[in-house]
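> Please read through the structure below; I'll follow up with questions.
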Amino acid sequence: MSDYLLQQLANGLILGSMYALVAIGFSMIYGIVRLINFAHGDIAMIGAFTALAALMAADLPIIVVVLAVLLVGAAVGLAIEAVAFRPLRGAPQVNGFITSLAVSVLIQNTGILVLTAEPRSVAFPAFLSQPIAGLPITVDLVDVLIVVLAIVLMAALGAIVNRTRLGMAMRATAENLDVARLMGINVNRAIMAAFAIGSALAGMAGLMWGARYGQIDPMMGFLPGLKAFVAAVIGGVGSIPGAMLGGYLLGLAEVLFVGLLPPEYAGFRDAFVFGTLILVLLVLPNGLLGRAAEDRA
Amino acid sequence: MPVPVLEIDAAQVWRGQTHVLHGIDLTVGEGEIVALIGANGAGKTTVLMTISGLLRPRDGAVRYRPHGGDPVDLARLAPEAIVGLGIAHCPEGRQVFASLSVRENLLIGAYLRRDRVAVAADLDRVVARFPILGERARLPAGSLSGGEQMMLAIGRALMSRPRLLLLDEPSLGLAPQIVETIFDILGDINRAGTTLLLVEQNAAMALELAHRAYVMETGRVTLSGAAADLADNPEVRRAYLGAADETMAGR
Ligand SMILES: Nc1ncnc2c1ncn2[C@@H]1O[C@H](COP(=O)(O)OP(=O)(O)OP(=O)(O)O)[C@@H](O)[C@H]1O
Ligand SMILES: [Mg+2]
């Protein structure tokens with residue numbers, strides 16, 4: 001395999017890790033409340049600015065920054081659930097979509113008001129941007145950490161969802177809310193857990209974005225958020241493994257599209273992403289790993 | 001009648017804009033099997049949902065007497081609290097968690113219980129009662145046949161160690177032979193000390209199993225009494241027992 005192709009694959013894996021982390025939250029939240037949280041990408045932006053603040057203000061060790069971002073992400077998710085989703089439970093789906101769009105715009109506008117739309121540089125510790133020696137391709141330490149951390153977080157998520165009492169309650173609630181209540185499950189808590197966990201992962205993706213590309217701004221969550229949503233739909237919205245798969249496939253496809261075609265096509269990058277979605281859905285209406293809508297509660 | 005476990009008193013229940021229960025009175029005594037029969041749409045499921053807390057009466061009371069405690073008004077409680085009081089609801093159409101394994105479905109029935117050792121013992125007991133659930137333990141519940149899912153739904157309800165078990169049409173859509181098996185098991189469960197409130201379209205089988213019964217029509221109780229007496233009642237025979245036989249043949 002040529003080094004060039006190898007480099008593209010590595011880049012796709014890194015981008016895919018971030019898409020996957022954001023896509024998981026879309027899917028978890030859809031799975032449990034049957035609504036898309038259109039403000040989900042903006043939680044990534046908040047995560048990125050949380051990292052910036054933590055690094056600037058206190059020069060905290062990177063592990064503390066990571067924990068702070070996870071916590072803030074979870075807190076923002078819980079707030080969005082309480083303010084925008086819980087009051088609408090049982091209302092028509094469209095109401096939920098519109099409300100979360102409103103929350104998204106609100107977060108972005110508040111960001112612009114408070115922080116200005118000007119992109120800012122995030123100064124991560126210099127050791128992170130050291131290239132890994134001895135490889136035929138350019139990969140920095142931060143890139144390796146992004147991929148490893150994403151995999152660790154996804155493994156942890158898998159363990160929570162499949163091996164714990166809370167995870168079982170979340171899966172049962174996602175499948176049949178009323179019967180979950182008959183089992184004694186506090187479904188509000190299960191829903192809150194899905195929002196907290198999904199949003200913490202989105203916040204983390206924002207930190208990674210800042211660490212890899214160096215610049216962040218209040219609108220940064222919009223397009224990657226939309227693409228992560230596409231990844232979730234490709235994987236089969238509601239399916240967590242589907243979101244992971246969709247995230248990586250989309251990251252790889254996007255990078256390879258730009259990297260392998262002549263440069264004049266690079267501008268069609270986003271059109272390509274959404275075109276892929278349409279193609280996948282034409283062939284597989286429920287996405288790659290999604291179940292038929294009738295199978296859901 | 002034995003000491004009442006549950007007393008529904010003039011309950012008025014609405015579902016959305018529809019007034020479904022027009023003042024229901026119903027009592028279930030400790031250790032009894034009480035059948036609730038009636039045509040499609042009479043409101044039987046609505047009665048069970050009102051007991052388990054999925055619906056709230058606009059008016060009237062749903063009183064439950066916990067072991068040796070003061071009566072509790074269930075109308076004020078959420079379903080997740082009511083199951084903790086010892087009332088399990090096995091819902092219409094089985095509604096097992098299709099994507100969870102058979103074993104997880106059983107364990108989730110014991111969701112509120114913290115006594116791990118006793119839960120494990122009850123799991124063994126349920127599997128002993130329904131051996132097929134042991135054989136299929138690791139498979140997703142959605143892969144089970146209808147009869148197996150019904151057994152799983154009953155097993156799941158038993159895992160909460162209910163004192164009062166609400167059953168909504170356990171015979172629905174099942175072959176007569178499987179219905180026989182399930183009704184035998186319901187008899188065993190009752191003899192082991194669990195009180196049953198059994199909603200059924202299959203009036204013949206329900207009246208044979210039950211001690212007492214209520215007949216519902218469009219949101220009201222129209223008849224009640226000893227199950228054997230109702231089975232001999234000409235009106236019941238004409239309206240429900242004949243109809244039940246036809247329904248069985250139709251399946
Ligand atoms: N979600 C709902 N909104 C409005 N009305 C409802 C709703 N669900 C049920 N109903 C109405 O309430 C009435 C009683 O329904 P219920 O399901 O309790 O009857 P049932 O006796 O259990 O019937 P079946 O034997 O068919 O199960 C019916 O007329 C039904 O149309
Ligand atoms: Mg019914």
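The values are calculated or read from the model by the stated rules, or taken from the named source; none is laboratory data. The model shown is predicted, which means the values in this text are computed figures rather than measured ones. Using ideal geometry, Cβ is built from the backbone for each residue, glycine included, and neighbour counts are taken over all protein chains shown. Ligands, DNA and RNA are stripped out before the accessible areas are found, and what is left, the full protein with its side chains, is counted by its heavy atoms. Shrake-Rupley method; radii C 1.70, N 1.55, O 1.52, S 1.80 Å.
Conditions (1) within 14 Å of chain A (Cβ to nearest Cβ); (2) under 21 Å from residue B:34 (Cβ atoms); (3) buried (at least 20 other Cβ atoms within 10 Å of the Cβ); (4) free of Cβ contacts under 8 Å to residues at least 24 places away in the same chain, marked per residue:
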| site | (1), (2), (3), (4) |
| --- | --- |
| B:81 | yes, no, no, no |
| B:116 | yes, no, no, yes |
| B:128 | no, no, no, yes |
| B:135 | no, no, no, yes |
| B:145 | no, no, no, yes |
| B:155 | yes, no, yes, no |
| B:160 | yes, yes, yes, no |
| B:173 | no, no, no, no |
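> I would also like to ask the following. What do you reckon, is residue A:146 within 14 Å of another protein chain (Cβ to nearest Cβ), under 22 Å from the mean Cα position of the chain (by Cα) and among the β-branched types (Val, Ile, Thr)?
no
> Mind listing just one residue for me: the one in region B:70-79 that is part of a helix (DSSP H, G or I) and more than 14 Å from every other protein chain (Cβ to nearest Cβ) and, of those, surrounded by the most Cβ atoms within 10 Å (Cβ to Cβ)?
Per the stated criteria, the residue is B:75.
> To continue, here is another question. Out of A:166, A:182, I need the residue that is in contact with a His (Cβ under 8 Å, 6 or more places away or on another chain), under 23 Å from residue B:52 (Cα atoms) and either of a type in the set (A, V, I, L, M, F, W, C) or within 11 Å of another protein chain (Cβ to nearest Cβ) (or both). Which one?
Going through A:166, A:182 in turn, the sole match is A:182.
> Among A:287, A:251, A:238, which is at pLDDT 95 or above, under 20 Å from residue A:22 (Cβ atoms) and crowded, with 21+ Cβ neighbours inside 10 Å?
Working: A:287 fails: at pLDDT 95 or above; A:238 fails: at pLDDT 95 or above.
Just a single option satisfies the conditions, and that option is A:251.
> Collect the residues in region B:10-45 that are without any contact (Cβ under 8 Å) to a residue 40 or more places away in the chain and within 8 Å of ligand 1 (Cβ to nearest atom), keeping them in residue-number order.
B:16, B:17, B:18, listed by residue number.
> Counting just the residues of region B:16-66 that are within 14 Å of another protein chain (Cβ to nearest Cβ) and in contact with an Asp or Glu (Cβ under 9 Å, 6 or more places away or on another chain), which one comes out nearest to ligand 2 (Cβ to nearest atom)?
This residue is B:45.
> Return only the number of the condition from (1) more than 11 Å from ligand 1 (Cβ to nearest atom); (2) open to solvent by 30 Å² or more (accessible area, probe 1.4 Å); (3) part of a loop (DSSP other than H, G, I, E, B) that residue B:7 does not satisfy.
(3)
For every residue, the table says whether it meets (1) open to solvent by less than 30 Å² (accessible area, probe 1.4 Å); (2) small (Gly, Ala, Ser); (3) closer than 23 Å to residue A:287 by Cα; (4) touching a Lys or Arg at 6+ places or on another chain (Cβ under 8 Å).
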position	(1), (2), (3), (4)
A:147	yes, no, no, no
A:150	yes, yes, yes, no
A:158	yes, yes, yes, no
A:181	no, no, no, no
A:189	no, no, no, no
A:196	yes, yes, no, no
